[in-house]
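First comes the structure, then the notes that go with it.
The values are calculated or read from the model by the stated rules, or taken from the named source; none is laboratory data. For clarity, every value in this text was computed on a predicted model and none was experimentally measured. Here the Cβ positions follow ideal geometry from the backbone for every residue, glycine too, while neighbour counts run over all protein chains shown.
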Amino acid sequence: MPKQAKVDAKFPEIFLKTLSGEALMLGQPSQGQWQMLVVYRGLHCPICKKYLSQLNDMKVDFDKMKVQIIAVSTDPEEKAKKLSSELGLDFDVAYGLGIDQARDLGLYISSPLDSAETDQPFAEPGLFFIRPDGGLHFSEISSAPFCRPDLEMIKMGIGVIQEKDYPPRGIG
């Protein structure tokens, strides 16, 4: 049975390793935290690098909002390490999301255009915002690298959710 991520439902259980070596269950925020899971295309994507760099620059703001940031891709560990090192990322980076797991989350899957791009199918971008109770509050899924939610708008929206107890939308 697919584990499709559904708004206002428990986020699917997917276990991955992070670059720090710990096992992590996606959608299970640290105690009292919210979790923002950002799926990026992989080391080969210059737009992903720009987006993750912007997110890294905003990390202090998200920390103040008690939002745990996790970036994940279908890349293997060595590519995830290279990307994290190159960008100086200061948040958790998980790796090895399986194509079937990505599909279960509702992500689009692309094949490389050529061997210069990458050497395996990969997930297109997605952003999932998960409540402290493990329920999915909102998500944004894209079929192209240049269609991503504006991080300043996401930060503003998270503030509204937290301050006004704004409910999940799109469930009825």
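Structural remarks
- Candidate set from segment 117-134 (those that are farther than 20 Å from Gly96 by Cα and more than 15 Å from the chain's Cα centre (by Cα)); member that is surrounded by the most Cβ atoms within 10 Å (Cβ to Cβ): Pro132
- Filter result (touching a Phe, Trp or Tyr at 6+ places or on another chain (Cβ under 7 Å) and either farther than 20 Å from Gly32 by Cβ or of a type in the set (A, V, I, L, M, F, W, C) (or both)) within segment 159-168: Val160
- Across segment 21-49, the number of residues qualifying as of a type in the set (Lys, Arg) and under 21 Å from Gly157 (Cβ atoms) comes to 0.
- Residue within segment 58-74 that is within 16 Å of Glu124 (Cα to Cα), touching a Pro at 6+ places or on another chain (Cβ under 8 Å) and either among the basic types (Lys, Arg) or at pLDDT 95 or above (or both) present: yes
- Remark: pairs (first residue in segment 47-76, farther than 25 Å from Asp104 by Cα; second residue surrounded by 15 or more Cβ atoms within 10 Å (Cβ to Cβ) and among the polar types (S, T, N, Q); Cβ separation under 9 Å; 6+ apart in sequence or on different chains) = Phe62/Gln68; Lys66/Gln33.
- For Ile161, the criteria (1) within 19 Å of Ala71 (Cβ to Cβ); (2) free of Cβ contacts under 8 Å to residues at least 60 places away in the same chain; (3) touching a strand residue (DSSP E or B) at 6+ places or on another chain (Cβ under 9 Å) hold in every case but one, which is (1).
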